[in-house]
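I have placed the structure first, in the form of structure tokens, so that the comments after it can refer back to it.
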Amino acid sequence: MKRVPLNRRNFIKTTTISSTVLILPNSKVFGANERIGVGVVGCGGRGTGHVGWAGKSGGTVVAVCDPDPGRARNAANKAGGEVVKKYADMRELFEDKDVDATVMATPNHWHALGTVWACQAGKDVYVEKPASHNIWEGRKMVEAARKYKRIVQVGTQQRSDPALIETKHMLDKKELGEVQWVHALWYARRGSIGKTEGPQPIPDDVDYDAWCGPRDKVPLRRKKFHYDWHWFWDYGNGDMGNRVIHNIDDIHHVLRINDDVPTRMMAVGGRFQYNDDANTPNTEVIIMDWKVPIIFSSRNMPYVDPKSGKGTGTASYKRFGKGLRFANLIKCENGFITVARGGGNVYDNEGNKIKKISGDGGGSHMKNYFDAVKSRNHEDLNADVEQSHLGCVMLHTGNNSLRVGKPADPNKITEACSNTEEGKHHWEDTMEHLRSNGVDLKVEKATLGPWLTYDKKTERFTGDHAEEANKLVKESYRDPYVIPENV
């Protein structure tokens, strides 16, 4: 089939109207020491950081893209100044023949469409976490990667951290006996984003249509244009999708869950005390039925000193006498492991340290991507899009339970969380944390999500509450920013 020139008109036509894409990707063969031409899409703090990481890992940034030209200029200056091309529309960057591979650090609602477009244009992709904004999008990313033979790595860099790899092998060998339950948590203190009284002005230079992309172009209702989009379901996935997704993905990785994702899940949480414009929770607990119980938790409210009654820092989880703020707590028959990015420790059941697990934070993750770009083998990736999609399914199914839930009495929530020992213990600890922050759960009720049943073959919900939950499996999309059914 003849390759059609990739101008904007053809790009829109082939990606939103035609069921047969007319763009065939070409794969450049790289020499062992040849550097890869990189286009960075999304030039906020994370994207600008990727400029440096790409340069250290075997790539040369030749182009940047952001609907905010100031951010694009900053990233270009870091990458090399005027020789670096600047774009406002990622489709134009994908046309650039000097770009071999892309790094996507856009807001979450752009991850899937940007990845699909890049694959269709013959570009490999490193896309930031979470892989997708919803379940359906994640599957389309996998389909596009395979159809166009693209290398697609997700930025869950803890899959490249020696500490998590060693943990996986320890569990394989049952060094502490059988796993009994796991709890992935990341607590980060975050205050209210404020309450607006009406639509806010769009920054003068920003192409707001391009920023909104697949989402409806609605009036801006947040004071801080950049970053605070994380706390709106239309664009982000809350702190579960911003921070905890790293540890959620760790559990998928170290337990070797693969395609055997949990099929029953529920969640509880809320946005307590903050009278602001955001709608994602600042406190959340997800409980999953699998071969062993799995718990994920997030807290944004502070630790409150019991003597002074003042918030003095970040909350922590103190089971087994360990103050955990960012960790995977893996309880086994003969002890437990606390591990996350950069390392961890192994303990016996009395809490005595057995050994230390060393890590490096996953610093080789970008290099792993570029190495796979050269080998053309997606199995060389540490975080291939398919496994990252399945890890992300655990995020989305839990969040979906919360989003279809209803306010409930704390006793009812305690009963719902009591099907597992760690779930019950953690909810009781969460109630104490909320009480210390002045939350009366009988007045300011938490949202209790129902137990949902997930069909991993169809990637949809079945049974009770399926109709409501399936509305969140796939979102609506705005022309011309549409992912086609047939990518």
Segment 220-238 and segment 46-93 have their Cα centres apart by a whole-number Å value of 23
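Tally Lys and Arg at +1 and Asp and Glu at -1 over the other residues with C-beta under 15 Å from the C-beta of Met266: what net charge comes out?
It works out to a net charge of -1.
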Tail beyond 42 Å, pair distance distribution of the chain (Cα, percent): 16
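Please compute the length gained on full extension between Ser418 and Lys291, using 0.36 nm multiplied by the number of residues separating them and subtracting their Cα-Cα distance.
So the extension gain works out to 44.0 nm.
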For the residue pair Glu333 and Lys147, what label-to-label distance in nm results when each label sits 7 Å from Cα along the Cα-to-beta-carbon direction? 4.8
Taking the alpha-carbon centre of each part, the distance from segment 116-137 to segment 282-318 in Å is 31
For the Gln200, Asn275 Cβ pair and Förster radius 22 Å, calculated FRET efficiency rounded to 0.05 is 0.80
One quarter of the convex hull surface, Cα atoms only: what value does that give for segment 325-428 in nm²? 9.8
Dipole moment magnitude, nearest 20 debye, segment 434-473 about Cα centre, only Lys, Arg, Asp, Glu C-beta charged: 120
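Can you give the FRET efficiency for Lys28 and Arg256, using 1/(1 + (r/R0)^6), R0 = 35 Å, r = Cβ-Cβ distance, to the nearest 0.05?
E between Lys28 and Arg256, to the nearest 0.05, is 0.55.
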Considering only the other residues whose Cβ falls under 12 Å of the Cβ of Ile295, what net charge follows from Lys and Arg at +1 and Asp and Glu at -1? -2
Extension gain from Lys456 to Ala188, taking 0.36 nm per residue of separation minus the Cα-Cα distance: 93.3 nm
Run the simple label-point estimate for Glu468 and Glu444 please: 7 Å along Cα→C-beta, distance reported in nm. 2.3
What would the Debye equation give as log₁₀ I(q)/I(0) for segment 396-479 at q = 0.17, 0.22, 0.26 Å⁻¹, counting only Cα atoms as equal point scatterers? -0.78, -1.05, -1.24
What's the FRET efficiency of Asp479 with Asp305 using the Cβ-Cβ distance as r and R₀ = 56 Å, to the nearest 0.05? 0.60
Loop-only check: which trypsin sites (Lys or Arg not before Pro) in segment 225-308 are DSSP coil with at most 13 other Cβ within 10 angstrom? Arg256, Lys291, Lys307
Run a plain Debye calculation on segment 83-137 (Cα atoms as equal point scatterers, no solvent) and give log10 I(q)/I(0) at q = 0.15, 0.20, 0.22 Å⁻¹, rounded to two decimals, same order as the q list. -0.40, -0.69, -0.81
Which of the listed residues, Val127, Ile354, Val244, is farthest toward the dipole's positive end in the chain, when Lys, Arg count +1 and Asp, Glu count -1 at the beta-carbon? Val127
Loop-resident GluC sites (Glu not before Pro) in segment 114-185 with no more than 13 other Cβ atoms inside 10 Å, DSSP not H/G/I/E/B, are Glu178
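Bear in mind these aren't lab numbers, they're just calculated from the coordinates by the rules spelled out. Not measured: the values here are computed from a predicted model. A quick note on method: Cβ atoms are made from the backbone with ideal geometry, for glycine too, and the neighbour counts reach across all protein chains shown.
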